[in-house]
Amino acid sequence: MKFSISREALLRPLTLVAGVVERRQTLPVLSNVLLSVDEHELSLTGTDLEVELVGRTVPDSVEQPGSATVPARKLMDICKSLPEGSVISVTVEDSRAVVRAGRSRFTLSTLPVAEFPNIDEGQSKAEITLTRGTVKHLIDATSFAMAQQDVRYYLNGMLIDLSDQLVRAVATDGHRLAMCAKPAEFALETPTKMILPRKGVIELSRLLDDSDEPLTLIIGDNHLRARTGNYTFTSKLVDGKFPDYERVVPKNGDKQFMADRAELRQVLSRTAILSNEKYRGVRLNLEEGTLRVTANNPDQEEAEEIVSVEYSGAPLEIGFNVGYLVDVLSVLGTEQVQMTLSDPNSSALMEATGGSDALYVVMPMRL
């Protein structure tokens, strides 16, 4: 195998593909990226057996087609450290890859291509096309609420619910829930639900931008494949039953207030400084026209802030983990936020004032 390619043409796909590769692996070959070159195209593949990403780019010249696996991080670090505009030549002979650029020369070890695993995605059930911007918006609006290493493994990911010209993303860690829905034109014989694992969500998000470029989703029994531009992303799906999220959304809240989103976020962030570091609890006292936010900690330190809100109902005192409220206020892109409550023991509903495509549910905490 021998080819040459500009630094910039190699660096972007290599950076994305190397993101999938885990640093600590049970199989040594999983630390490598598979390079395959033919007369017109160079493809780079990285996998951790759960998520696979293939990126394609065009080399400047190909003297000898072929394939090899080389250490992903080392190759990426070499490319990043070379000057802009460099032309990189890669030659593979005798289980060594020689990377040259200008006066620089690096020799990397390789592993047999036959050892590199291929994710078998099985039969595909359906294929739909969305835009990159739609899927990115859904992920950005909800991914913060995914669980991390929860024993309820089906929470360590995101539910993608496809039905009736609507695509919905839902994430929850059992304490808060984020839900976002977007209309989309696609034909699907039966509604489909699938749980994309946490790492799959993060890697797919890195591929996407806000454009209207097409993103084709190929849905299998236990895999999801996404194709866009020069990239093909494949992820195993989580085999489990996601909670019935529609039952979690509170329907009977009778106390609703509206506030300036940025101001409320700043108030909560400041108050959080003196909250208990372990539980991060803050107390909200809602009265006509005002919201008083207080926090204290075991060192008897206290914080209190008062913010003006639009509210004219009965007084209410309720406690929350401040981090959960700040997370929601960080992803809402509107000037105003609306919060619906019923009593100190019931979940709160947060959304953009006047409603939007995203809903957030936060459970209260006893303080």
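The values are calculated or read from the model by the stated rules, or taken from the named source; none is laboratory data. Note that the structure is predicted; figures quoted are calculated from it, not measured. We place every Cβ from the backbone using ideal geometry, glycine too, and count neighbours over all the protein chains shown. Each accessible area value is taken on the protein alone, full model and side chains, heavy atoms only, with ligands, DNA and RNA left out. Shrake-Rupley method; radii C 1.70, N 1.55, O 1.52, S 1.80 Å.
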- Task: Report, to two decimal places, the Cα Rg of the range 116-216 normalised by 2.2 N^0.38 Å (N = number of residues).
- Result: 1.09
- Query: Tilt of helix 322-331 relative to the longest C-alpha principal axis of the chain, in degrees (0 to 90, nearest 10)?
  - Reply: 60 degrees
- Rg [Å, one decimal], Dmax [Å, integer] - the chain, C-alpha atoms: 24.8, 79
- Cβ-Cβ cut-off under 12 Å around Ala187, Lys and Arg +1, Asp and Glu -1: the net charge is -4
- Task: With a 10 Å radius around each residue's Cβ, average the other Cβ atoms per peptide and rank 8-18, 170-180, 110-120, highest first.
- Result: 170-180, 8-18, 110-120
- Item | Centroid-to-centroid separation of the range 87-103 and the range 260-323 [C-alpha atoms, Å] | 59 Å
- Item | Set Lys241/Lys278; Lys251/Lys278; Lys199/Lys278; Lys193/Lys241; Lys193/Lys236 screened for pairs whose C-alpha atoms are more than 19 Å apart | Lys241/Lys278; Lys251/Lys278; Lys199/Lys278
- Message: Give me the percent of accessible area attributable to carbon and sulfur for the chain, probe 1.4 angstrom.
- Response: 45 percent
- Does a label point 7 Å from the Cα of Val87, set along Cα-to-beta-carbon, have any residues of the range 23-62 with amide nitrogen under 20 Å, and which are they? 37-43, 57-62
- In degrees, nearest 10, range 0 to 90: what is the angle between the Cα axis of helix 261-272 and the longest Cα principal axis of the chain? 90 degrees
- Projecting the Cα atoms of Gln123, Ile78, Thr91 onto the charge dipole of the range 63-183, where Lys and Arg contribute +1 and Asp and Glu -1 at Cβ, the residue farthest towards the positive end is Ile78
- Could you calculate the contour length gain from Lys80 to Ser95, that is, 0.36 nm times the residue separation minus the distance between their Cα atoms, to one decimal place in nm? 3.0 nm
- Inter-part gap, Cα centre of the range 167-193 to Cα centre of the range 125-155, in whole angstrom, is 8 Å
- Note on the structure: Descending packing, highest mean Cβ count within 10 Å first, for 240-250, 153-163 is 153-163, 240-250
- the range 37-185 - Rg (one decimal) and Dmax (whole number), Cα, Å: 21.0, 59
- Item | Heavy-atom surface of the range 236-305, accessible at 1.4 Å and reported per residue (Å²) | 63 Å²
- For Ala259, the net charge from surrounding residues (Cβ-Cβ under 11 Å; K, R +1; D, E -1) works out to -2
- Query: Per residue, how much accessible area does the range 142-191 have with a 1.4 Å probe, in Å²?
  - Reply: 48 Å²
- For the range 77-146, the Cα-Cα pair-distance distribution in 10 Å bins from 0, as whole percents, is 13, 22, 20, 28, 16, 0
- Task: Can you spot the aspartates and glutamates whose alpha carbon is less than 14 Å from Lys136's alpha carbon? Ignore those fewer than 8 places along the same chain.
- Result: Glu203, Asp209, Asp210, Asp212, Glu213, Asp357
